[in-house]
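Okay, so here's the structure we're looking at.
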Amino acid sequence: MIDLRSDTVTKPTPEMRKAIAEAEVGDDVFGEDPTVNRLQEMVAEKLGKEAALFVPSGTMGNQVCIKVLTQPGDEIICEANTHCYNFEAGGVAFNSGVQPRPLEGNRGVITAEQVEAAIRPDDEHCPRTRVVTIENTHNQAGGVVFPLEEIKRIRQVADRHGLAMHLDGARLWNAAVASGIEPATWAQYFDTVSVCLSKGLGAPVGSVIASTAERIAEARRVRKVLGAGMRQVGILAAAGVYALEHHVDRLAEDHRRARRLAEAVAELPGFDIDLDTVQTNIVVIRLERPEWSVPGVVAALKEQGVLVVPFGPRKIRAVTHLWISDADIDTAIRAFQHVAAS
Ligand SMILES: *Cc1c(COP(=O)(O)O)cnc(C)c1O
């Protein structure tokens, strides 16, 4: 099976398993796991932040950051199709008691003008606007890189109004490789940043958040409240260290393969792809034939040995990753050709 459902399906490579097996560990609740400490220092440095904290998932990364930046009753501005609004099980309401203010973006991108217009007046009837969250790359939009220029403009608005900014950088590594702009250059506009190790980087588990030392100390407390103070977790952090050392630059291959798949499938009758959005490792494909259903097309591709996921009422998604080769892309293209001809 060629598994294009997500870049989270990767299993550790033999070399990564070796790094895991050989990891030096200690009790991380006592701050004594050298491998966790190394991972946190590495990520803090790459993101140009004072400190960082290992967390079990990207969802927890976002949740802890929002909790650190807000008080109950606050409002956070986000794009309407972002992960933290749609796919974290109502977490910001549950964990932080805040309400999201979703803004409709263009291919996932919201503007400084939209943000400014959504900021609440200083009025006792209104929630307090506290945070702007940005997702980069934007998953639902198809792996779109959020333009750095717009982030700078949003930061200016945030500064004028005393708002914090959070970056959901689950795929910030992809954004950095695709744009040639360093992770720290993106991160400098944000008060808190969350990055995933278990997406394109291919680690089995884990995300890291980064911020000031003071906020990360608070984040450690919040992580503890959520029950995620972990012990000899260097076992997992070792995979993250290995991934950061060996699996970042190769993301360019995933991007090249996603592009080739997208260009081939876009030519086929019945499939429509907004090629402008195919900037990284995600391909969102719209089904144009009214007689086709999403489950039907997913099943037909599976019969041809290719797994994709439903991605909305008329869409499916394919994602390239560490375990997808050029030959796999050839096979996937043939599978789409077969479905288009049926
Ligand atoms: C995957 C993802 C996350 C976090 O997901 P987990 O499954 O909790 O690790 C957060 N934001 C975006 C944009 C994602 O794609």
Positions within the stretch 191-245 being within 13 Å of the ligand (Cβ to nearest atom), more than 20 Å from GLY31 (Cα to Cα) and β-branched (Val, Ile, Thr), in sequence order: VAL193, VAL195
Hey, any hits in the stretch 227-248 for a residue that's at pLDDT 95 or above, touching a strand residue (DSSP E or B) at 6+ places or on another chain (Cβ under 7 Å) and outside the structural domain of VAL64 (by TED's automatic domain parsing)? no
Out of curiosity, is SER96 over 23 Å from GLU182 (Cβ atoms), open to solvent by 10 Å² or more (accessible area, probe 1.4 Å) and of a type in the set (S, T, N, Q)? no
Quick one: which residue in ASP3, ASP74, ASP33 is charged (D, E, K, R), more than 15 Å from the chain's Cα centre (by Cα) and open to solvent by 20 Å² or more (accessible area, probe 1.4 Å)? ASP3
Evaluate the following for ALA44: is it more than 15 Å from the ligand (Cβ to nearest atom), over 30 Å from LEU201 (Cβ atoms) and modelled with pLDDT of 95 or more? no
So, first residue closer than 22 Å to THR212 by Cβ in the stretch 19-45, second residue outside any loop (DSSP other than H, G, I, E, B) and β-branched (Val, Ile, Thr), Cβ within less than 7 Å, six or more apart or across chains; the pairs are ASP28/VAL36; ARG38/VAL241; LEU39/VAL208; LEU39/VAL241; GLN40/VAL208; MET42/VAL241; VAL43/VAL195; VAL43/VAL208
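The values are calculated or read from the model by the stated rules, or taken from the named source; none is laboratory data. Bear in mind that the values here come from a model prediction, so they are computed numbers and not experimental data. When we count neighbours, we look across all protein chains shown, and the Cβ atoms used for this are built from the backbone with ideal geometry, even at glycine. The area values use the complete protein model at the heavy-atom level, side chains included, leaving out ligands, DNA and RNA. Shrake-Rupley method; radii C 1.70, N 1.55, O 1.52, S 1.80 Å.
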